[in-house]
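The values are calculated or read from the model by the stated rules, or taken from the named source; none is laboratory data. In this text the structure is predicted, and so the values were computed from the model without any measurement. When we count neighbours, we look across all protein chains shown, and the Cβ atoms used for this are built from the backbone with ideal geometry, even at glycine.
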Amino acid sequence: MPYEESNIEDLSKTPFDDVFKLQIEKMGQLLVPVIERMFHVTSTVVDIEEIERLANERFLLDEGQKKISRRFSDSCYKIAGGYYHVECQSTEDGSILFRLAEYNVRIALDGARKDGDSIRITLPNSGLIKLRGTTDSEKSSEMKIIYRFSEQEIVMPVPVLNVQAYSVDDIYDGGLFFLIPYYLIRFENRLRKISDSDDPEYAKIYSELREFVNRLVKACEDGIISEDNTRRLAELSNLILNHIASRLNKDLRERMTGLMSHVIELQEDRWLRQGREEGRLEGRLEGRLEGTKSLLFSLVVDKVLDVADAARRAGESEEAFAKELEEYIKNQK
């Protein structure tokens with residue numbers, strides 16, 4: 001559902017799961033370095049850039065461009081011969097291990113094969129990205145799923161990556177760009193205590209956030225993060241920032257979220273300059289608008305934004321945007 005300030009305590013209205021889903025859909029390759037960090041593997045067998053989307057299912061391609069596996073879950077990858085399934089957790093509701101166990105069995109059955117009079121079922125490696133926590137917690141921890149049959153037990157370790165224990169340098173120097181939107185959650189409790197712009201804590205948070213945003217801009221300018229992914233990360237980061245800053249007054253909230261909006265504006269300016277220099281302004285603008293609208297359409301479909309807000313961001317009338325959205329949904333079927 002679209003986020004509403006009145007529902008801030010209702011955890012079902014938080015945007016975190018939607019942001020995670022959209023990241024997997026729009027920039028899933030950024031999750032690969034996180035998987036490598038969590039499971040100590042290297043993605044040398046499968047080039048994750050060769051993922052293609054077919055309807056609502058994902059397929060991984062090998063180097064010979066042949067389909068080798070179907071992904072049951074959006075966040076399950078085949079890397080270096082093994083399957084790795086990662087989910088995110090924003091609340092301590094005790095259900096995450098049950099969900100992981102259920103998804104594991106479904107993924108395993110999806111890839112099961114007959115072996116004589118038997119079937120061979122291979123469970124994927126499972127991991128958890130923990131979004132909330134403290135900055136002084138361990139960067140990694142472990143949970144377990146224990147499968148039991150008769151007197152036999154299979155103990156599956158579940159590595160946990162604690163996002164809030166990662167510093168700015170950890171994220172940018174380590175190439176963990178997938179974590180960028182969730183880094184902002186560390187400001188949530190501090191922002192709730194601020195009453196006005198004279199509060200020294202506000203200036204401190206604003207300064208820290210500005211430094212974080214500048215690192216994103218620099219990574220883009222250095223060619224480390226693509227322009228498309230930079231814009232998407234900024235858009236999704238703003239969704240989280242709007243949520244955690246919802247108790248600030250309107251002026252303070254807009255000033256805070258304006259930092260990420262500035263990244264988006266810089267991207268637009270860069271595309272315009274490049275378009276003029278290369279004599280392909282119209283084509284570049286069309287490409288930019290198509291990418292932006294695709295993201296906005298996804299946000300509306302997933303009920304993160306309403307049509308009115310998405311249309312405003314696209315610079316269109318609500319009626320025109322709604323017609324394009326209808327066509328987008330039709331083409332996805």
> When you go through Glu326, Glu316 one by one, which is the residue that is modelled with pLDDT of 70 or more, surrounded by fewer than 19 Cβ atoms within 10 Å (Cβ to Cβ), acidic (Asp, Glu) and part of a helix (DSSP H, G or I)?
Replying inline: Glu326
> Which one of Ser73, Ser6, Ser118 is at pLDDT 85 or above and not aliphatic (A, V, I, L, M)?
Replying inline: Ser118
>> Is it the case, given these coordinates, that Ile244 is buried (at least 20 other Cβ atoms within 10 Å of the Cβ), more than 20 Å from Lys26 (Cβ to Cβ), of a type in the set (Val, Ile, Thr) and under 20 Å from the mean Cα position of the chain (by Cα)?
In response: yes
> Are any residues in the range 87-124 in contact with a strand residue (DSSP E or B) (Cβ under 8 Å, 6 or more places away or on another chain), within 20 Å of Gln23 (Cβ to Cβ) and not in a helix (DSSP H, G or I), and if so, which ones?
Replying inline: Glu87, Cys88, Gln89, Pro124
> Got at least one residue in the range 78-85 being of a type in the set (A, V, I, L, M), closer than 21 Å to Thr42 by Cα and part of a strand (DSSP E or B)?
Replying inline: yes
> Since Ile121 meets every condition but one in (1) within 23 Å of Tyr182 (Cα to Cα); (2) more than 21 Å from the chain's Cα centre (by Cα), which condition does it not meet?
Replying inline: (1)
>> Just to check your reading of the model, which residue among Arg58, Arg113 is surrounded by 17 or more Cβ atoms within 10 Å (Cβ to Cβ) and at pLDDT below 90?
In response: Arg58
>> Just the residues that are over 22 Å from the mean Cα position of the chain (by Cα), surrounded by 20 or more Cβ atoms within 10 Å (Cβ to Cβ) and among the hydroxyl-bearing types (Ser, Thr, Tyr), please, taken from the range 177-215.
In response: Tyr202
> Residues Ile145, Ile68, Ile129: which one is modelled with pLDDT of 90 or more and surrounded by fewer than 18 Cβ atoms within 10 Å (Cβ to Cβ)?
Replying inline: Ile145
>> Tell me the residue from Gly291, Gly283 that is at pLDDT below 75 and surrounded by 13 or more Cβ atoms within 10 Å (Cβ to Cβ), please.
In response: Gly291
>> Please determine whether any residue of the range 127-140 is over 15 Å from Asn162 (Cα atoms) and not in a strand (DSSP E or B).
In response: no
> Does Ser90 satisfy the condition of being out of contact with any Asp or Glu (no Cβ under 6 Å at 6 or more places or on another chain) and free of Cβ contacts under 8 Å to residues at least 24 places away in the same chain?
Replying inline: no
